[in-house]
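Undergrad: Below are the structure tokens for one structure; questions will follow.
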Amino acid sequence: MNVLNEIKLDKSDLPRFGIVDTSFKENFEFRLFSRPPKSAFSPNMSLASFSHDEVQWDKVMNFLGIWLVKHLDKPELVLFICKQGGRLHSDLHWKINNELRAHRKNSGDILCANLGEEMLTIWELILSGYCTNSIHRFSLYSWVDKYKVNYLSLPLKHELKTLLSPRIRFSEPLSLASSVSGIKRIFRSEVVLTSSHPYSALKELNKVDKWSHDIGNLFIEFNLILLEIMELKSLLGK
């Protein structure tokens, strides 16, 4: 898959994908798994992304999606998806979800026959959004600034829970030792928070007088986040 993605395509290749828009620059380049749609002014169609923006797949991308579902047992595909932002295109999400459901039901519509329990779990985590990343990292500092001039409203509570919600980072395992089992045999994983630099931002909260009172009203939310992190770590074999 990485080999296919390394192939550089340029403006002369656009007609092969049914694109006749002449507004593309002469030095325009793209990749097979991240291609422009019919217009130069639209976002690229891709397997996954860092944002919610997506464009409708063409027939080529749809066939690539079907082909990739046959290789869900390959760790390289997981790492590639995570590197692209981890937020699956809705068409790929639907295809993978159908494949996982076929495996769980043990039906005859299975495309990837070698999909083991560990990889099933990993793809379920990806479908649930645990591996999504964003170019625009949510900042807890901006939440603190809003909290200083507002009361602890329901929207602020919801935003804080989102900022502190756990995410998973997958990378290649450090060792292929036979003594390692489960998901740790396939990937090295790390549970992180959605927000960047949470510890220094939370220290800033301690300087806000009303925080010592309001923190007690967040006990349930903090407890649920902690339980979720512990469950994830247990699932990942940590």
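The values are calculated or read from the model by the stated rules, or taken from the named source; none is laboratory data. Quick caveat, the model's predicted, so the values are computed rather than measured. Cβ atoms come from the backbone with ideal geometry, glycine included; neighbour counts cover every protein chain shown. Side chains included, ligands, DNA and RNA excluded: accessible areas come from the protein's heavy atoms. Shrake-Rupley method; radii C 1.70, N 1.55, O 1.52, S 1.80 Å.
Undergrad: D13 passes all but one of (1) more than 27 Å from W123 (Cα to Cα); (2) assigned to a loop (DSSP other than H, G, I, E, B); (3) acidic (D, E); which number fails?
TA: Of the numbered conditions (1) more than 27 Å from W123 (Cα to Cα); (2) assigned to a loop (DSSP other than H, G, I, E, B); (3) acidic (D, E), the odd one out for D13 is (2).
Undergrad: Step by step: first the residues of the range 45-63, then only those that are within 23 Å of R169 (Cα to Cα) and surrounded by 17 or more Cβ atoms within 10 Å (Cβ to Cβ), then the one that is modelled with the lowest pLDDT. Which residue is that?
TA: By that ranking, first place goes to E54.
Undergrad: Quick one: in the range 64-120, of everything that is among the basic types (K, R) and either surrounded by 15 or more Cβ atoms within 10 Å (Cβ to Cβ) or at pLDDT 95 or above (or both), which residue is nearest to the chain's Cα centre (by Cα)? Steps first, please.
TA: Keep residues of the range 64-120 that are among the basic types (K, R), which gives 70, 74, 83, 87, 95, 101, 104-105.
Subset that is either surrounded by 15 or more Cβ atoms within 10 Å (Cβ to Cβ) or at pLDDT 95 or above (or both): 70, 74, 87, 95.
On the way: K70: 20, K74: 17, R87: 4, K95: 16 Å.
The residue in question is R87.
Undergrad: May I pose another question? Can you name the number of the only condition in (1) within 23 Å of V78 (Cα to Cα); (2) touching a residue at least 60 places away in the same chain (Cβ under 8 Å) that I225 fails?
TA: (1)
Undergrad: Got a number for residues in the range 180-214 being under 24 Å from L156 (Cα atoms), hydrophobic (A, V, I, L, M, F, W, C) and touching a helix residue (DSSP H, G or I) at 6+ places or on another chain (Cβ under 8 Å)?
TA: 7
Undergrad: Suppose we filter S23, S12, S42 for residues that are loosely packed, with under 10 Cβ neighbours inside 10 Å and modelled with pLDDT under 80; which single one remains? Working first, answer last.
TA: Working: S12 fails: modelled with pLDDT under 80; S42 fails: loosely packed, with under 10 Cβ neighbours inside 10 Å.
Answer to the selection: S23.
Undergrad: Let me ask you something else. What are the residues in the range 121-173 that are buried (at least 18 other Cβ atoms within 10 Å of the Cβ), touching a residue at least 60 places away in the same chain (Cβ under 8 Å) and in contact with a Pro (Cβ under 9 Å, 6 or more places away or on another chain), if any?
TA: Listed by number, the residues that qualify are I122, Y130, L140, L164, F170.
Undergrad: Which residues, taken from the range 174-201, are closer than 25 Å to T162 by Cβ and open to solvent by 60 Å² or more (accessible area, probe 1.4 Å)?
TA: Passing the criteria: E190, H197, Y199.
Undergrad: Examine the range 11-31 for a residue that is within 20 Å of the chain's Cα centre (by Cα) and among the hydrophobic types (A, V, I, L, M, F, W, C), and state whether such a residue exists.
TA: So far as the range 11-31 goes, no, none of its residues is within 20 Å of the chain's Cα centre (by Cα) and among the hydrophobic types (A, V, I, L, M, F, W, C).
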